[in-house]
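These notes are about the structure you will find just below.
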Amino acid sequence: MVVHPVLRDAHEAPRAPEACLEEAVGLAKAIELEVVYAECARVSRPHPSTLLGSGTVEHLAQVVEESEATLVVIDHALSPVQQRNLEKGVKAKVIDRTGLILEIFGARARTREGQLQVELASLTYQKSRLVRSWTHLERQRGGFGFLGGPGESQLEMDRRLIGDRIIKIKKELEDVRRTRGLHRKARAKVPYPVVALVGYTNAGKSTLFNRLANADVFAKDLLFATLDPTMRQVTLPSGRKVILSDTVGFISDLPHHLVEAFRATLEEVDGADIILHVRDISHPDTEAQRDDVSSVLRDIGIDPETDDRVVEVLNKIDCLDAEERDALAAQVRRDPRQVCVSALTGQGIEALDALLDQRMNRGRHVVDLSIDLGNGAALAWLYDRGEVLERRDDEAHAHLHVALDPADLARFEKRFSAEA
């Protein structure tokens, strides 16, 4: 069962309740749960004990009994007390939105780093949900006084063990962060610019990644189809090489401790040269999704409004009718930070490649160099690191008109100064 609580101030929310319910059902189906019942439940006043009203709880209990549902998903954050009371009221296991997202992340994580990040988020979530149900396992000695009071209870021991494990995982993730930093430094020496894909879950990031990189990353019409970051080398039409990075999808009401847990991964976005914000432009809530992604980016120090690295890729234009596509094309022509594509059909990919080339070549120096034809190493270096715009050979020299980054030009002059 999936229930989306509609609070009294929900009319101010950017999304329609039905759309929120549909997304929650999609989350449940993402881990192959069979949804037998779904509804939006009106909540005039949130109850501290159950969030939902007593009448709603009785109604849900009846539906649980009739449908034989074994799990109730409440598409809202629940306190530990609310979760426990709801379980007693509906006589079924209850999880909230955060718990459901954690279940999906746990099922999707493949790499060691992804598994660590999921475990950290999960333990942080569980720590507040330990209930005093183990008093029969109290240690009989401890405390002060002649007889001694109860020692460390099972509850306290669980908290301590979880706390110890959280500390250990944070240390391991710190090693991951340090390793990622070393990798970024190594890439800076090569250097290959990094293009990071971000966006709301199911916006089509992985499909676009596969289209640009000719890769076979798992892509499906599924929320959080991919979790672990993936990187591939991509050659742009100009011949310039870049690193393309696919990241975890964002979602509305993403708990802060989840963002914290995935900070090591999200730092890849912060260090990128270009950030492609992939949007499902055909989705009715595309503007609200954009705001959710912008909110997470701000959490990691990137302001999409002022950061010139951010480019909006308006995806899934194949789902729009001709009139909507024309209006969108006119909008994109007025905004150099937008491009419209269909990652599925390939429409607009050439324009995206051209935009990436243009962005990458911004600030490059165009110089004329004469290289001895026998100096194959210098010629190969220029073709690999720069963009040769024109070449003319005579008997002894190759005369090149080439675009280079200032740093690469300095490297070339230092390494091949005798030949240049």
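The values are calculated or read from the model by the stated rules, or taken from the named source; none is laboratory data. Model, not experiment: these values are computed from the prediction. Virtual Cβ from ideal backbone geometry, glycine too; neighbours counted across all protein chains shown. For accessibility, only protein heavy atoms count, side chains too; no ligands or nucleic acids. Shrake-Rupley method; radii C 1.70, N 1.55, O 1.52, S 1.80 Å.
Taken over the C-alpha atoms, region 7-112 has Rg and Dmax values of 14.1, 45 angstrom.
Here the extension length gained between Arg391 and Lys171 equals 73.9 nm, from 0.36 nm per residue of separation less the Cα-Cα distance. The heavy atoms of Cys40 offer some 40 square angstrom of accessible surface to a 1.4 angstrom probe. With the simple model of a label 7 Å out from the Cα in the direction of the Cβ, Ala407 to Leu328 spans 3.5 nm.
For the residue pairs Lys170/Lys316; Lys93/Lys127; Lys29/Lys91; Lys91/Lys127; Lys127/Lys171, the C-alpha atoms sit more than 27 angstrom apart in Lys170/Lys316. Solvent-accessible area of His47, all protein chains in place: 60 Å² (probe radius 1.4 Å, heavy atoms, ligands and nucleic acids excluded).
Annotation: amide H of Arg42 within the under-5 Å range of Val6, sequence separation 5 or more or interchain, hydrogens built in the peptide plane.
Shown for region 16-77: the carbon plus sulfur share of the solvent-accessible area, taken with all protein chains present and a 1.4 angstrom probe, equals 50%.
When the inverse distances between all different Cα atoms of region 273-395 are averaged and flipped, the Kirkwood radius reads 17.4 angstrom. A simple spin-label model places the labels of Ala77 and Ser44 2.6 nm from each other, with each point 7 Å out along Cα-to-Cβ. Protection proxy ranking for 323-334, 345-356, using the average of other Cβ atoms within 10 Å per residue and placing the highest first: 345-356, 323-334. When the alpha carbon gyration tensor of region 6-68 is reduced to an equivalent ellipsoid, the three semi-axes, largest first, read 21, 19, 9 Å. Accessible surface for region 348-420, divided over its residues, is 55 Å² per residue with a 1.4 Å probe. Between Ile300 and Asp318, full extension at 0.36 nm per residue minus the direct alpha carbon distance yields a gain of 3.3 nm. Ranking of Arg415, Arg177, Arg359, Arg211 by solvent-accessible surface, largest first: Arg415, Arg211, Arg177, Arg359 (1.4 Å probe, protein heavy atoms only, all chains present).
The length gained on full extension between Asp335 and Met157, counted as 0.36 nm times the residue separation minus their Cα-Cα distance, comes to 58.3 nm.
A simple spin-label model places pseudo-atoms 7 Å from Cα toward Cβ; at Lys414 and Asp384 they are separated by 1.7 nm.
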